[in-house]
Amino acid sequence: MTGELSPIDKAKYVAAKTAADLVEDGMRVGLGTGSTAAWLVRCLGEMVREDGLEIRGVPTSTRTAELAREVGIEVISLDEARWLDLTIDGADEFDPELNLIKGGGGALLQEKIVATASDQMVVIADAAKEVSSLGHFPLPVEVVPFGWQTTQALLEETLISMDVMGRQSSLRMSGQRPFITDEGNYIIDLYLGRIGNPRQMALVLNQMPGVVENGLFIDICDKVIIGYGDGRVETRDINEGTVETDRLDFVEDDNLFSDLGD
């Protein structure tokens, strides 16, 4: 029940619900990964079941695909869709220019591929994800397993010449073993504190042998929808230069909230 939700979950819910209202019949929609994106998938599933919404979803991870099928959304691959009308996803951080850090859940590669294959990318987030400059959240870098320690050493060496506050890195683990992405790769998290030039950082990282992709999403997000624990919602459109505010009333709904795992 919404009455039992924490303020942070209420914030995620109102952002997700507002974004779900952007989805129209017949759309091919990229479905993001993470706790906020899970709220979106639940909201869309309810619209499919209760309102007859007809959409096809392209998930950005295995766990999102499983949830989408569970709530009744038709799931297709990006190859089947070819191009998407809209992608809605969360973010670990966003700055005033709507540049993002993503990949806290480990799905950054598929998330970036799907987002860039869309007419529009909308980010849903709670207010805590907004920062003046990126880098507070560790920057994920997806790397091939072969020679990952060499790649990590090259990453740390490269950071010496970059405008960052910190230069530590670590291999992401899952228990006693390295975390494995859906594409079978490893993730090295960079603890930078502040990234002075995110655009330069993204370009430099992706030129390094062994690096598959990085978690900086530059000039990809078109709109961010920010939720607050009291039901307020703020929508910022980087292309239109507009900021809109609204408030969502909470309505208890067993179908939507009963068994959400995120």
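The values are calculated or read from the model by the stated rules, or taken from the named source; none is laboratory data. Bear in mind the structure is a predicted one, so any value in this text is a computation, not a measurement. Note that we place each Cβ from the backbone using ideal geometry, even for glycine, and neighbour counts take in every protein chain shown. Side chains included, ligands, DNA and RNA excluded: accessible areas come from the protein's heavy atoms. Shrake-Rupley method; radii C 1.70, N 1.55, O 1.52, S 1.80 Å.
Data table
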| item | result |
| --- | --- |
| Unique match (being more than 16 Å from HIS136 (Cα to Cα) and without any contact (Cβ under 8 Å) to a residue 24 or more places away in the chain) among VAL75, VAL71 | VAL75 |
| Boolean, ILE8 is β-branched (Val, Ile, Thr) and either farther than 17 Å from ALA107 by Cβ or more than 17 Å from the chain's Cα centre (by Cα) (or both) | yes |
| Qualifying residue in segment 20-41 (condition: open to solvent by 20 Å² or more (accessible area, probe 1.4 Å) and under 21 Å from THR245 (Cα atoms)) | yes |
| Filter result (open to solvent by 10 Å² or more (accessible area, probe 1.4 Å), in a strand (DSSP E or B) and either farther than 20 Å from GLY135 by Cβ or hydrophobic (A, V, I, L, M, F, W, C) (or both)) within segment 211-238 | VAL211, VAL212, LYS223, ARG232, GLU234, THR235, ARG236, ASP237 |
| Candidate set from segment 176-210 (those that are free of Cβ contacts under 8 Å to residues at least 12 places away in the same chain and farther than 20 Å from MET121 by Cβ); member that is surrounded by the fewest Cβ atoms within 10 Å (Cβ to Cβ) | GLN176 |
| Identity of the residue in segment 166-210, in a loop (DSSP other than H, G, I, E, B) and of a type in the set (D, E, K, R), that ends up farthest from the chain's Cα centre (by Cα) | ARG167 |
| Filtered residues of segment 78-88 (kept if free of Cβ contacts under 8 Å to residues at least 60 places away in the same chain and either touching a Phe, Trp or Tyr at 6+ places or on another chain (Cβ under 9 Å) or not charged (D, E, K, R) (or both)) | LEU78, ALA81, TRP83, LEU84, THR87 |
| Where a residue in segment 103-127 is in the same structural domain as ALA91 (by the TED database) and under 18 Å from ARG236 (Cβ atoms) and its partner, wherever it lies, is of a type in the set (S, T, N, Q) and in a helix (DSSP H, G or I), with Cβ under 7 Å and at least six apart | ILE124/THR36; ALA125/THR36 |
| Complete set of residues in segment 158-173 that are under 17 Å from LEU108 (Cα atoms) and without any contact (Cβ under 8 Å) to a residue 12 or more places away in the chain | MET173 |
| So ALA115, is it open to solvent by less than 20 Å² (accessible area, probe 1.4 Å) and either among the charged types (D, E, K, R) or not in a strand (DSSP E or B) (or both) | yes |
| Subset of segment 74-90 [open to solvent by 10 Å² or more (accessible area, probe 1.4 Å) and either in a loop (DSSP other than H, G, I, E, B) or of a type outside the set (D, E, K, R) (or both)] | VAL75, ILE76, SER77, LEU78, ARG82, TRP83, ASP85 |
| Checking VAL141 against (1) buried (at least 23 other Cβ atoms within 10 Å of the Cβ); (2) closer than 16 Å to ALA20 by Cβ, the condition it does not meet | (2) |
| Looking only at segment 47-66, and only at residues there that are within 13 Å of ALA107 (Cβ to Cβ) and touching a residue at least 60 places away in the same chain (Cβ under 8 Å), the one that is surrounded by the fewest Cβ atoms within 10 Å (Cβ to Cβ) | THR62 |
| Residue in segment 150-160 that is in a loop (DSSP other than H, G, I, E, B), at pLDDT 95 or above and open to solvent by 10 Å² or more (accessible area, probe 1.4 Å) present | yes |
| Flag for VAL122 being closer than 30 Å to GLY229 by Cα and β-branched (Val, Ile, Thr) | yes |
